[in-house]
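Working notes, structure below.
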């Protein structure tokens, strides 16, 4: 056995400790040249334990590079004109093992996007506050316990990601970050929020899930631009009235300690509301008054005993989860909800529907309810026929309760006069005639003067009647997309409440002049037409216009003056025949597109 070599136990070759030289070596000359050329540097997943020193002075030329520069200036092939530099604007150091960020980060003054997620950072340097052009910072999945006071000086910051850290407190100065549109503070140790949060009036998405928050501050309702609010998996007991959040579309409040149905009166854009796993004893009918756009309402694992009749007002409801509550009776009005696809009530002690029917799921439950109602309630007999029957028109009882006249997808060529008279008697606010074969709108429709929302998409309309602007004076939403329209009646200018109009997929060669007189207009969708010009002077009259979609038209020139419409939040221009702005510019956010256009205006 003496002749057998003993195997070496030198594991150091395999588990060699990372050195500063190793980290510095990751920043090769070719990477530096590419970063200078593009303004972007990606060192994600490089195993770094420290930031390579050269990053802090990446745009400064070394003596060797200066020497090479004099030589290459005379060189014919200038494919790598690396001396023509872009300042570093995007730095990605994610998925490494960084424990500290050097205070030399202050030298990266042009940085707009900094990604430090998935590292081992326990603190940030005070100098982070000197990055005055920073718009996006991702600090998720680190070990941060707080933010330095200087962090709140980043007043241009638009997106802040702090998911999965150890943050337990936010200073009131958080409200100084007034440009924020997206904040993710989920999976932290927060038990309260600072009052200053209410100053974040541009915030669109706020994720506070998986913390220990007990109360939302009252000034949060000032977040008028908020669309998504996630406060799930906290300890929330007290909520302010949320009605001022008129643009909020999704509210997640599941797994909290709520003892009262939230006041969502005024949340007219709300489509999703999650309230699972709370202690809510009842559904407040008054809170549902303006929730007509709600599509998903989940209330499983609460203490609800009664489903109110007012639930019939949720005409767009598709998912309604009431499983594992204390409900004993299912009201027959559930069978009237026209769009209900999932009605979940298992885990209750239901007495008026057999358990075997409940186990069969939503279609069987609704069929049973409608059969029972047919034999017991003469007022709704006509209403509760199968929704698959294309010959059924809604009666006055339905329309009075839902304020809806829906004849979508019926292949209609005309509308029965009796149905329109019933709609007028019921004071319906929504008329949906989508996906039919209407070539014109009957004058009989003018008797329904309470219309707020008119849907005419996917028909064969070649014109709209003049009375539409005179009789539908309360109209707020008009969808006439996917027709054969080339013009609009001048009376459209009389619609002083009109907020949204969709002209897409028609044959307009320009934006109809009547639209420019609708001062209340917030959204103008005109994609997929043959529009050739943009009339900026007329668009300037629409002071509230936030969304302008002109994609896929015949626009040959984009006037630089369009950049002066600073109130636009969404400008879409792709798919046209102009050369400038180029596609790379159009891919940027609206604010950058507008800024680009303004820079083209002759001084």
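Each reported figure results from applying straightforward, stated rules to the coordinates on display, with no laboratory input. Remember, it's a predicted structure, so these values are computed and weren't measured experimentally. As a convention, Cβ positions derive from the backbone with ideal geometry for all residues, glycine included, and neighbour counts pool all protein chains shown.
Here is how the numbers come out for the structure above:
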item: Relative intensity, log₁₀ I(q)/I(0), of the chain from a Debye sum that treats every alpha carbon as a point, q = 0.06, 0.07, 0.10, 0.12 Å⁻¹; result: -0.46, -0.61, -1.07, -1.29
item: R0 of 60 Å, Cβ-Cβ distance residue 136-residue 372: FRET efficiency to nearest 0.05; result: 0.60
item: Degrees, to the nearest 10: 63-72 long Cα axis against longest axis of the chain; result: 80
item: Cα→Cβ-extended label distance, 7 Å offset, between residue 567 and residue 362, nm; result: 4.0
item: Helix-only mean residue ellipticity at 222 nm for the chain, each DSSP H run of n ≥ 4 adding -39500 (n - 2.57), per residue, nearest 500; result: -3500 deg cm²/dmol
item: Calculated FRET efficiency for the pair residue 543/residue 24, C-beta based, R₀ 45 Å, to 0.05; result: 0.25
item: Cubic angstrom per residue, convex hull over Cα atoms of segment 241-389; result: 100
item: Spacing of the two label points (7 Å from each Cα toward its C-beta) at residue 414 and residue 439, in nm; result: 1.2
item: Principal-axis tilt of helix 590-599 within the chain, Cα atoms, nearest 10 degrees; result: 70
item: Percent RCO, i.e. relative contact order, over the chain, from Cα pairs under 8 Å lying at least 6 residues apart; result: 4
item: Fully extended contour minus Cα-Cα distance, from residue 246 to residue 293, at 0.36 nm per residue; result: 15.7 nm
item: Residue order, fewest to most beta carbons within 10 Å, for 551, 462; result: 462, 551
item: Förster radius 30 Å - calculated FRET efficiency between residue 583 and residue 100, Cβ distance, rounded to 0.05; result: 0.15
item: Additional length obtainable on full extension of the chain from residue 339 to residue 34, 0.36 nm per residue less Cα span; result: 104.4 nm
item: Folded to 0 to 90 degrees: helix 362-376 orientation relative to the chain principal axis, Cα; result: 20
item: Added length on full extension, which subtracts the Cα-Cα distance from 0.36 nm per residue, residue 173 to residue 484; result: 106.6 nm
